[in-house]
Structures are given as C-alpha cells and as structure tokens.
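The values are calculated or read from the model by the stated rules, or taken from the named source; none is laboratory data. On a predicted model such as this, the values are computed, not experimentally measured, just so you know. Don't worry about glycine lacking a Cβ; one is built from the backbone with ideal geometry, like all the others, and counts go over all protein chains shown. Calculation scope for accessible area: heavy atoms of the full protein, side chains included, ligands and nucleic acids excluded. Shrake-Rupley method; radii C 1.70, N 1.55, O 1.52, S 1.80 Å.
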Amino acid sequence: MTSDDLPIGRRVARWRVRRQMTQQMLADRLRRSKSWVDKIERGARTLDRYSVIQELAHVLRIDPEVLLGQPRGTPASTPDGVDDIRAALARYDSPQAPPRTDELRRQVGHAWLTYQHAHYGQLVRLLPGLLDAAQGARSAELLVQAYRITSSLLVKLGEVNLAWLAADRSMSAAGDGPLLAATATISVGQALRAQDRDRLALAVLLPAANRVLPQSSHCGDQESGDRTARKILDHEGQGEQRGRAVGGTLLVQAALAAAGCGEHRRADELTDRAAGVAANLRRYDDTHRTTFGPVAVELARVLVAASRGDAAEAVRRHAIVVRREGWRRLPAEYRGAYLIDVARAYLQVGDVRGAARALVDADSVAPGEVRCRPLARTVIADVARAQPAPAGVARLATLVGLTR
C-alpha cells in the first residue's frame, strides 16, 4: 500500500509521529479529546469536513492535500535529505583532519548563495557535509553561519523543531561575541516565529537589537536620534555598519513577532525604529547575510498591516514597494517568501486574482520557494479553490500535485 492509498486516519497518525507528538499532545492542540484523535486514526470516526482537515493540517504543519492523499508532483515535494541533516546535527565527533579555514569560508559562502537563490534541493544535499566540516574547523564565525543556514532552510521546509535546534546551536557557538550572538538571535527568532511562539520570539529579539544598536536608535525623539546617528556614521567603519544592519534586522523580526501576538502598535513602533536605522545605513558588505535596508523595512510594513487585518493597507503598500529600485536587488528567496505572504493578504480582501498574480510572480522569481514549501502549497490550494481557478494558479496547482 502506497502512502496515497492509506486511509486519512493513518496519514494523520504518520504525520503525528513524524512531528513527535503523542495523541494527547495532538488532542490538546486541537482542543479535542484524546479519544477523538484515537478514533480518527483508527478510522472509527470519519473525517468528512474540510474545515477539520484544515485544522489538523495546520497543527501538523502540512497542507490539507497531503492528508487527503492527493498526488504530489516531483518538483514540489519536500527535498529528500532532511534526515541526513538531522544525523549531522546529532553527530558530536569532529573529523580527524579539519578543513582549511579559507576553504570552509568558500563553502559557507556557496551555501548562502544557494539558499538566497532558493535552490533548496541542492542545499539539502550540501548541508550535512558543511555541518561536519564546520564542526571540525572550530571557527565560531563559520559554525554560527553554518547553523544559521541550516535553521533557515529547515524553517522553509516546515521542520520547525529541527530548525529551533540548529538556531540554538548557533547561539551556543557564538559564545561571548556580541555581534555574532546577535546574528544567531535572528535565526532563533525566526525559528520561534515558525513555531507560532511570537511572544517568546519578541522577548528574544528586542533585547538583542538594543544591545547592538546605538542608544540614539531607540530614543523617543527619532529626528534627533537620526541627526546624532548621521554624525556617528561619519566615523564608523564596516564593522559598525554591519552591527547596524544586524540590529535593524532584529528590529524587523521583532516587529513581525509583535504583530503575530497582536501587539500592533508596538509592531508599528518597531518598524519605525528599523526605518530610522535603515535611513542612516551606508553601503556595507553584507557579511552576516541580513539583506537589511529601507526596502526590507517597507516589506515588513506590508506584512505588519496584513497581520493586524488591514489587508487593504497591505495591498496598497505592496503596490508601491515592488516598484522601488531596491526591490529587484533583494535575493530571490527573500522576494519569493514575501510574495507568498502577500498572496495571503490579497486573499483576506477577497482579491483572488491579486493573490494569483503574487503566487505566479513568486514562482517566476524563486520556483523553489513555491514548489518546496508546505506553506506555499496551502496558499496555492486556497487560491485554486476559486471557481474558476485563475489560469496561472491552476498551472501551479498541477505542478505541485494539488489537482485531483
């Protein structure tokens, strides 16, 4: 019997075990009884309401079509090899011949570029060897980066518990280095947000931002702070600029976390602070892969607006920011992930065609972002249910195996 032939209850049980949940844990998250879960898994109770299937899929962090057993297109399936990454994270022994630092630095740079181009299948294959090499080299900087790449990829693939482990390893590897610890905190915040633990993420991200940003960037008088910051910038080098970029990224992540836990005014305040940092940021080499700048802050404003339910404002801001020159300079991964979030905002205002355009644009920018991520599949399914389904999304649904 193939996985597609399994009864839906058996699929629920398989994904529950894969997510390392007991029946009681799943029941608690669904606000149902353990007996209800047991009957579903044994087939004694029928799952005949799509809303319930959606609820189950959300808790299990998969899209509903996986539970329904619809065929999965090869280009859209989660890349094989996550178990190899898990095994690499579980190894504590170091190779006998540590790699040369310059060679390891080249490998880390290549891994970052692979991630930023959304070549997730290729990156899944690269990471086990990279983790082994980084652990053997004993370079805190490169080890932090290797763990950060790993955590970021695992968030994309829906493996949020494993992503949290990699992020935590990144923090441990950073040691006492304040800037290195701040970059690791970015991954911790992202992993917590992926687990829907926005309040915890906010509690981690905001103090880290305050530690690396100058006092002027979080005073009440933003204009005065900006003038002070401009004077400071005249004497700053690349190191200080990197610190500002890391701090600004932490503020953006904190704003998204605040929005996620309903603190909308605080989210707006944090995006304003991030905008002040970005406005005073000179050109810098993005060693820590933050992709921070004015456009990144404006994208965050769109997502914050969508989170508080102001989808019309989100759509209005989106139409402006994607016309800015800096938009096209962002990595493909960044743009693709953002466009998927915008598609959800369009759905909130009932604009199915707008959501379809965002998804098609995301696929043209970063196919891996659309075809490998469980989140993207869920949004595609929501748009494809429109009658008639927009042509571009109907094609995407076929590509990711969502059509019957």
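Listed here are the residues, each with its yes/no results for (1) part of a helix (DSSP H, G or I); (2) of a type in the set (D, E); (3) at pLDDT 70 or above; (4) more than 23 Å from the chain's Cα centre (by Cα).
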residue	(1), (2), (3), (4)
A209	yes, no, yes, no
T228	yes, no, no, yes
Q241	yes, no, yes, yes
G248	yes, no, yes, no
A267	yes, no, yes, no
A275	yes, no, yes, no
L281	no, no, yes, yes
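When Q253 is tested against (1) at pLDDT below 95; (2) part of a helix (DSSP H, G or I); (3) open to solvent by 10 Å² or more (accessible area, probe 1.4 Å), only condition (1) is not met.
Matching residues to (1) open to solvent by less than 20 Å² (accessible area, probe 1.4 Å); (2) more than 22 Å from P214 (Cα to Cα):
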site: C261; (1), (2): no, yes
site: R282; (1), (2): no, no
site: A306; (1), (2): yes, yes
site: V315; (1), (2): no, yes
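All of Y338, Y346 fail the test of being at pLDDT below 90 and either surrounded by fewer than 16 Cβ atoms within 10 Å (Cβ to Cβ) or hydroxyl-bearing (S, T, Y) (or both), apart from Y346. In this structure, A203 does not satisfy being modelled with pLDDT of 75 or more, out of contact with any strand residue (DSSP E or B) (no Cβ under 6 Å at 6 or more places or on another chain) and farther than 14 Å from A182 by Cα.
Return a yes/no flag: does region 69-82 have any residue that is within 22 Å of the chain's Cα centre (by Cα) and at pLDDT 85 or above. Yes, because at least one residue in region 69-82 is within 22 Å of the chain's Cα centre (by Cα) and at pLDDT 85 or above. Residue-level check: of (1) assigned to a helix (DSSP H, G or I); (2) at pLDDT 80 or above; (3) polar (S, T, N, Q), S51 misses just (2). Residue count for region 292-322 satisfying the condition of being farther than 24 Å from R244 by Cβ and outside any helix (DSSP H, G or I): 4. Scanning region 367-404 for residues that are part of a helix (DSSP H, G or I) and touching a Gly at 6+ places or on another chain (Cβ under 6 Å), which turns out most open to solvent (accessible area, probe 1.4 Å)? Within region 367-404, the match that is most open to solvent (accessible area, probe 1.4 Å) is L399.
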